[in-house]
Amino acid sequence: MTDAGELANETVTLSEAKSLIKSMAHEQSLLLLSAPGVGKSDTVVQSATEAKLECRSLLGTQIAPEDVSGVPRIVRERTVFCPPRVLLPEKPKAFCLFLDELPAAAPDIQKAFYSLLLERRIGEHQLPKGSWVVAAGNRAEDRALVRTISSALVNRVVILNVRVDVKEWLVWAKSANIRSDIIAFITLMPYALMRDVPREPVPFSTPRSWAALSRALDLAEERGSFSRNERRALAFGTVSAQDAAIYSALAEERLADLKPASYYFDNPDQLPTTDTARWFILNQIRSLAKSNNLGELDPARINNFLGALSDEFRFALLVDLVEVWGGLGADPSMFEALKQVTGLDQ
């Protein structure tokens, strides 16, 4: 038996998965694996829609073996299995069969899918030519409801491990009318789009939960009155607590007007004027410097930016990161205030 979490870790984005589905699913059965909330189900449905195929879904956790193999009846003293319409429509027209939560299905359910996944066959009945078979599910390490999947099932599908791509999500979010302040927040904090699944059963950040928060906030605002406490309650009830706290604090600070941290190196005079937003941007710059993710910045731009800051904010950026900023080309004079405060000049 093979654990879904032990499969190869080569990954594809959702758009890459969609491309592979549309090019292969008529002949090869595919299994999409990822953490919860990434968007696998929507990707399968969108792929089918774009290919002008009806998408019929079966939920692996809510079916019995006979829902796949069919119910037997006697015809001329022989037992004949009658597949359900969802698997074998009355009109022999190609469609997309989506097997959702397949890794969570019981072993006998998984076994019932063997011939369907490999041969596009249900008992003695073939799926209409050109039909797709696509499955999806979560991984064991995500602490979702996942069972061990057999090597026989693994050997009947092409497994695609799906990852979240922030740039792809941002493009989708704009087309899906996700709130501008949420788009701005994820642009500024891309790692907040997808958090690890927590050990406790509490809300956590995923592409799906951010989209849900956007819709919840829209619905609340449509009512006419919308308080700060209500915003926080919705945020903490939908995404990870640390993300909810920062998002809520910045939501009243014209978050949509904030720029990526790198923007302020050339425009230090446009740093936010409110304390919350300014400290947020400076903390982002610290994190980028510490992780060596500031990109290509020449010493002149760095020193121009640091020189435009007050001693307080320059201290906040440099403390504990003297060697990092020095390596980036910061002029030694930029460290004078830090030396005076810490006593390092003694």
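Per-structure values
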quantity	calculated
P(r), alpha carbons of the stretch 165-258 - 5 Å bins starting at zero, rounded %	3, 14, 26, 28, 19, 8, 2, 0
For Val133, residues with placed amide H under 5 Å, excluding near neighbours	Leu30, Leu97
Efficiency of FRET between Glu336 and Ala249 - r from beta-carbon atoms, R0 45 angstrom, step 0.05	0.90
Gained length - Ile159 relative to Trp279, 0.36 nm times residue gap less alpha-carbon distance	38.8 nm
Phi to ³J(HN,Hα) by Karplus 6.51 cos²θ - 1.76 cosθ + 1.60 over the stretch 317-330, Hz, x for Gly, Pro	6, 8, 4, 6, 10, 4, 5, 4, 5, x, x, 7, x, 5
Projected label distance in nm at Gln126 and Glu200, using a 7 Å step from Cα toward the beta-carbon	5.6
Sites Glu222 and Ser175, calculated FRET efficiency, Cβ-Cβ separation with R0 25 Å, nearest 0.05	0.75
Computed lengthening from Leu297 to Glu119, 0.36 nm per intervening residue step minus Cα-Cα distance	58.5 nm
Over 31 Å between alpha carbons, listed pairs Lys40/Lys129; Lys22/Lys111; Lys91/Lys111; Lys52/Lys259; Lys111/Lys167	Lys52/Lys259; Lys111/Lys167
FRET E, pair Ser262, Ser15, Förster distance 25 Å, beta-carbon r, rounded to 0.05	0.50
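Throughout, read-outs are computed from the coordinates displayed, never taken from laboratory work. Predicted model only: the values in this text are computed from it and were never measured. Reconstructed Cβ throughout: ideal geometry from the backbone, glycine too, with neighbour counts over all protein chains shown.
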